Amino acid sequence: MSLNTFGHLFRVTTWGESHGPALGATIDGCPPGVSLDAAMLQHWLDRRKPGQNRFTTQRREPDEVEILSGIYEGHTTGTPIQLMIRNTDQRSKDYGDIAQKFRPGHADITYWQKYGIRDPRGGGRSSARETAARVAAGGVAREVIRALLPGMQIKGYMVQMGPRQIERARFDWDQIDANPFWTPDATAAAEWAVYLDGLRKSGSSVGAVIEVVAKGAPAGLGAPVYGKLDTDIAAAMMSINAVKGVEIGEGMAAACLTGEANADEIRMGPDGPEFSSNHAGGILGGISTGQDIVCRFAVKPTSSILTPRKTITIAGEATEIVTKGRHDPCVGIRAVPVGEAMMACVILDHILLDRAQTGGIRGRIG
């Protein structure tokens, strides 16, 4: 299976399966001399790991990351960094009944159609378990960004669960880490808890919308036409399991606006250009403006549900299937740290690309 690598200069290759002995990431292109140890990465993995509350899968994985190479005396050496996370709580027997059946909504049928072989244990390579490796790689990217741009922050949060959206007037950054849904709206969090409890107990699931913001990113990241920053962000988010839609800034809602309403007016401030609004999501012509970079992605409902669904077997026979095992009633919850990780990897990649092409030179204004 090819195409397991993303990035231009900061390149990440993930490997491993849901029910294999381990999974992980190989990172090539990390600059040398950056302070890094396993504890720095573990902080981010702990935010994503399963079994932390009743709203996520009850699979118990410590997700402890091991750094096998690329570090000497607590600093990156510039050589490939190998990260490994061991699987410790596999229950492959849960998937014995589906080895000859295709689960609706899953990649089972397309993997079989393309390769003629698939790993039915938890979805194998197509499992969202693969995203643990991305979060570990994102932790490396964050530490490099911290060294190069100390004031930059990347934060993700849930803005919608099913049809229920947050109230932007109640947006509180401090609330994001204070509830199990990573949402900035405490009232919405309380309402979502009741809503998701009902779905969880019925064996069903629901989708979500996640917003990720990069604050403090400099102007000038990205390149025209085929190297656009928003192109790479969208591709990175779309590659996350279960993601079915991505938008930057105003996104699809921009189609409802007039040119006067959509264009972010510019004025000269004491420290340089300032924008009256941010409908563009911090990116114009594929290049960052210096404003907050804003991305949203939609996550479909978890396809593993207890309701019997019609399907077929490998032999083409009609049948029904009930997906057993331990699954997230709303996979969007644990997609938040994954979205943050992908944003960090893309932003760092473009920081390195910009340094290589322009050396940080910028056109003067004023």
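The values are calculated or read from the model by the stated rules, or taken from the named source; none is laboratory data. Keep in mind it's a predicted model, so treat the numbers as computed, not measured. Note that we place each Cβ from the backbone using ideal geometry, even for glycine, and neighbour counts take in every protein chain shown. Side chains included, ligands, DNA and RNA excluded: accessible areas come from the protein's heavy atoms. Shrake-Rupley method; radii C 1.70, N 1.55, O 1.52, S 1.80 Å.
Looking at the structure I just gave you, is Leu199 hydrophobic (A, V, I, L, M, F, W, C) and at pLDDT below 95?
When the stated conditions are applied, Leu199 passes them.
Across the range 167-182, what is the total count of residues that are among the polar types (S, T, N, Q) and open to solvent by less than 40 Å² (accessible area, probe 1.4 Å)?
1
Give the residue that is most open to solvent (accessible area, probe 1.4 Å), with candidates limited to residues of the range 221-247 that are farther than 14 Å from Asp349 by Cβ and over 20 Å from the mean Cα position of the chain (by Cα).
Only one residue fits best here, namely Tyr226.
Pick from the range 121-163 the residues that are in a helix (DSSP H, G or I), at pLDDT below 95 and basic (Lys, Arg): which of them is least open to solvent (accessible area, probe 1.4 Å)?
Among them, the one singled out is Arg129.
I need every pair where a residue in the range 148-165 that is over 22 Å from Cys30 (Cβ atoms) and of a type in the set (Phe, Trp, Tyr) has its Cβ under 9 Å from the Cβ of a residue that is in a strand (DSSP E or B) and open to solvent by less than 20 Å² (accessible area, probe 1.4 Å), sequence separation at least 6 or different chains.
That search, which allows pairs on different chains as well, returns Tyr157/Ile210; Tyr157/Glu211; Tyr157/Val212; Tyr157/Val213.
Can you name the condition, by its number, that Asp185 falls short on among (1) within 19 Å of Ile248 (Cα to Cα); (2) surrounded by 23 or more Cβ atoms within 10 Å (Cβ to Cβ); (3) in contact with an Asp or Glu (Cβ under 7 Å, 6 or more places away or on another chain)?
Checking Asp185 against (1) within 19 Å of Ile248 (Cα to Cα); (2) surrounded by 23 or more Cβ atoms within 10 Å (Cβ to Cβ); (3) in contact with an Asp or Glu (Cβ under 7 Å, 6 or more places away or on another chain), the one that fails is (1).
May I ask you to verify whether Glu211 is surrounded by fewer than 23 Cβ atoms within 10 Å (Cβ to Cβ), part of a helix (DSSP H, G or I) and at pLDDT 95 or above?
When the stated conditions are applied, Glu211 does not pass them.
How many of the residues in the range 293-340 are buried (at least 17 other Cβ atoms within 10 Å of the Cβ), part of a loop (DSSP other than H, G, I, E, B) and of a type in the set (D, E, K, R)?
2
Go through the range 94-117 and count every residue that is outside any helix (DSSP H, G or I) and either more than 15 Å from Ala315 (Cβ to Cβ) or in contact with a Pro (Cβ under 7 Å, 6 or more places away or on another chain) (or both).
Residues flagged as outside any helix (DSSP H, G or I) and either more than 15 Å from Ala315 (Cβ to Cβ) or in contact with a Pro (Cβ under 7 Å, 6 or more places away or on another chain) (or both) within the range 94-117 amount to 7.
Any idea how many residues of the range 10-31 are of a type outside the set (Gly, Ala, Ser), farther than 13 Å from Thr131 by Cα and either touching a Phe, Trp or Tyr at 6+ places or on another chain (Cβ under 6 Å) or open to solvent by less than 30 Å² (accessible area, probe 1.4 Å) (or both)?
5
Name the pairs whose Cβ atoms lie under 6 Å apart, with the first residue in the range 169-189 and under 20 Å from Val338 (Cα atoms), the second surrounded by fewer than 19 Cβ atoms within 10 Å (Cβ to Cβ) and among the charged types (D, E, K, R), and 6 or more positions between them or separate chains?
What qualifies is Pro184/Asp172.
Among the numbered criteria (1) at pLDDT 95 or above; (2) open to solvent by 10 Å² or more (accessible area, probe 1.4 Å), which one does Gln58 miss?
Exception for Gln58: condition (1).
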